[in-house]
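Report on the following structure.
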Amino acid sequence: MDRLSKLLEAALFSASRPLTLGELRRLDPDASEADVRGALESVRLRYDEGGHGIELVHVAEGYQVLTRPELADMIVQAQLVDRPRRLSTAAMETLAIIAYRQPVGRAEVEEIRGVAVDGVLRLLVERGLVDVVGRSEGLGRPLLYGTTPLFLELLGLASLDELPRLDELSVALTPLVAVGPDLAP
């Protein structure tokens, strides 16, 4: 393994969050973006081909060394790591609206959900899943919300482009049509 690959591996091992390509490039100012990408691929292959319990993944617009999914449950069961706290249904609904409509204001989220979301928004901001990303040009210049890199990290997504398309979700969430007597199995 070359020096750059070792340097990247050490940085990724030490980091508690995904590191962006720009952050990794700062480790060696003489390395080009192609050099860093090549070194990352070298590290990834080393973990994959060596049968290691960890892997290098592209997540939350960065790179991170993580436990392989097939081993993660055993690590959690042994209580060696903290599990992220679960979100309520209201928080998940609000988070989904923000993820798909961002930047979005509180009033629009409330209009879609049909209930007040002040407390839920505050919880999502406190947990670092949502943040204020700007102000609307509308009356009173209300705050606009968007998701954070932590949101992507927890979902294991490299970017928002990896979210399921809305048309895919509408098909998946459509209730099954009742089966008539002549169609019953």
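Would you tally the residues in segment 133-150 being within 11 Å of Ile98 (Cα to Cα) and in contact with a Leu (Cβ under 8 Å, 6 or more places away or on another chain)? Give the derivation first.
First, the residues of segment 133-150 that are within 11 Å of Ile98 (Cα to Cα): 144-148.
Now drop any that are not in contact with a Leu (Cβ under 8 Å, 6 or more places away or on another chain), which leaves 145, 147-148.
Of the residues in segment 133-150, 3 are within 11 Å of Ile98 (Cα to Cα) and in contact with a Leu (Cβ under 8 Å, 6 or more places away or on another chain).
Could you tell me how many of the residues in segment 126-138 are in contact (Cβ under 8 Å) with a residue 12 or more places away in the chain and surrounded by 12 or more Cβ atoms within 10 Å (Cβ to Cβ)?
In the first step, residues of segment 126-138 are kept if they are in contact (Cβ under 8 Å) with a residue 12 or more places away in the chain; the result is 127-134, 136, 138.
Keeping just the survivors that are surrounded by 12 or more Cβ atoms within 10 Å (Cβ to Cβ) gives 127-134, 136.
Matching residues across segment 126-138 total 9.
Which ranges mark the helices (runs of 4 or more DSSP H) fully within segment 1-71 that have 1 or more residues being of a type in the set (A, V, I, L, M) and out of contact with any strand residue (DSSP E or B) (no Cβ under 8 Å at 6 or more places or on another chain)?
Details: elements: 3-14, 21-25, 33-49.
Ranges flagged: 3-14, 33-49.
Got a number for residues in segment 95-122 being assigned to a helix (DSSP H, G or I) and β-branched (Val, Ile, Thr)?
Here is the first cut: in segment 95-122, the residues assigned to a helix (DSSP H, G or I) are 95-101, 106-113, 118-122.
Adding the requirement that they be β-branched (Val, Ile, Thr) leaves 97-98, 109, 112, 120.
Of the residues in segment 95-122, 5 are assigned to a helix (DSSP H, G or I) and β-branched (Val, Ile, Thr).
Failed condition for Glu153, given (1) at pLDDT below 90; (2) of a type in the set (Asp, Glu); (3) touching a Ser or Thr at 6+ places or on another chain (Cβ under 9 Å), with all others met?
(3) is the only condition that Glu153 fails.
Could you tell me whether Leu56 is closer than 19 Å to Gly156 by Cα, within 21 Å of the chain's Cα centre (by Cα), surrounded by 17 or more Cβ atoms within 10 Å (Cβ to Cβ) and not aromatic (Phe, Trp, Tyr)?
Spelling it out, Leu56 is indeed closer than 19 Å to Gly156 by Cα, within 21 Å of the chain's Cα centre (by Cα), surrounded by 17 or more Cβ atoms within 10 Å (Cβ to Cβ) and not aromatic (Phe, Trp, Tyr).
Quick check on my filter: what residues within segment 105-120 are within 16 Å of Leu87 (Cβ to Cβ), among the hydrophobic types (A, V, I, L, M, F, W, C) and free of Cβ contacts under 8 Å to residues at least 12 places away in the same chain?
Within segment 105-120, no residue meets the criteria.
Can you give me the number of residues within segment 72-89 that are modelled with pLDDT of 80 or more, surrounded by fewer than 15 Cβ atoms within 10 Å (Cβ to Cβ) and not in a helix (DSSP H, G or I)? Don't jump to the end; show me each part of the working.
Residues of segment 72-89 that are modelled with pLDDT of 80 or more, as a first pass: 74, 86-89.
Narrowing the set further to residues that are surrounded by fewer than 15 Cβ atoms within 10 Å (Cβ to Cβ) leaves 74, 86, 88-89.
Filter once more, keeping what is not in a helix (DSSP H, G or I): 86, 88.
Count: 2.
How many residues does segment 123-162 contain that are in a loop (DSSP other than H, G, I, E, B) and either over 30 Å from Pro69 (Cα atoms) or of a type in the set (Gly, Ala, Ser) (or both)?
Going residue by residue through segment 123-162, those that are in a loop (DSSP other than H, G, I, E, B) are 127-129, 136-142, 148, 156-159.
Next cut, either over 30 Å from Pro69 (Cα atoms) or of a type in the set (Gly, Ala, Ser) (or both) only: 128, 136-142, 156, 158-159.
Result for segment 123-162: 11.
Of (1) surrounded by 12 or more Cβ atoms within 10 Å (Cβ to Cβ); (2) in contact (Cβ under 8 Å) with a residue 24 or more places away in the chain; (3) within 20 Å of Pro149 (Cβ to Cβ), Arg25 satisfies all except one. Which?
In the conditions (1) surrounded by 12 or more Cβ atoms within 10 Å (Cβ to Cβ); (2) in contact (Cβ under 8 Å) with a residue 24 or more places away in the chain; (3) within 20 Å of Pro149 (Cβ to Cβ), Arg25 misses (2) alone.
The values are calculated or read from the model by the stated rules, or taken from the named source; none is laboratory data. A quick note: this is a predicted structure, and the numbers were derived from the prediction, not measured. In this analysis, Cβ positions are derived from the backbone assuming ideal geometry, glycine residues included, and neighbour counts consider all displayed protein chains.
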